[in-house]
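A.B. asks: Below are the structure tokens for one structure; questions will follow.
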Amino acid sequence: MAAKLKDKFFRGRFNCRINDKGRLSLPAAFRENVDFKNLIITNSLCQGKKCLDVYSLKQWTQLESDIAKLPRLRPEVQAYQRFYIAGGLEVKLDSQFRMLIPQSLRQFAGLKDEVMVVGLGGKFELWSTERWSELYENASANFENIVGIVSGLLDEK
């Protein structure tokens with residue numbers, strides 16, 4: 001693995017396991033996309049379901065920079081910072097590309113043995129398999145509508 005940071009994307013879905021010590025082995029497809037083994041992991045929500053977001057250090061630093069440019073006195077910006085930014089913890093990958101997911105974040109997202117790792121471009125998500133199944137079923141049931149909305153957004157560009 002080169003020490004030089006590469007701008008790549010996290011792609012794919014992978015069913016993984018968390019070991020007894022709370023470590024998750026990063027899928028092989030993601031290993032070359034991390035900035036020399038430093039990741040930031042934080043709590044997140046999607047459609048009311050709890051999960052974790054994981055960023056490379058470079059992507060997280062860019063997000064922090066973007067948020068710092070927003071009006072600091074807006075309650076929504078403060079709430080975002082308290083929930084999402086303050087929840088961010090740095091984790092380091094070991095020599096076997098495993099990351100220790102902090103207990104508090106594992107509890108928040110309901111992560112146990114089986115975990116779904118979902119690549120979303122500049123970040124990836126960690127889901128309990130049960131919550132992921134519910135979210136995925138909902139998305140597949142509404143996919144034609146979602147495609148229409150997204151294609152409309154792309155047309156606006």
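Readers should treat all values here as calculations from the given coordinates under stated rules, not as data from a laboratory. No experiment lies behind these values; they were computed from the predicted model shown. Don't worry about glycine lacking a Cβ; one is built from the backbone with ideal geometry, like all the others, and counts go over all protein chains shown.
A.B. asks: May I ask you to list the residues in the range 108-139 that are among the hydrophobic types (A, V, I, L, M, F, W, C), assigned to a helix (DSSP H, G or I) and loosely packed, with under 14 Cβ neighbours inside 10 Å?
C.D. replies: Of the range 108-139, the ones among the hydrophobic types (A, V, I, L, M, F, W, C) are 108-109, 111, 115-118, 120, 124, 126-127, 132, 135, 139.
Next, only the ones that are assigned to a helix (DSSP H, G or I) stay: 108-109, 132, 135, 139.
Across the range 108-139, the qualifying residue is only A139.
A.B. asks: Looking only at the range 58-103, which residues are touching a residue at least 40 places away in the same chain (Cβ under 8 Å), in a loop (DSSP other than H, G, I, E, B), in contact with a helix residue (DSSP H, G or I) (Cβ under 7 Å, 6 or more places away or on another chain) and not small (G, A, S)?
C.D. replies: The answer is F97, and nothing else.
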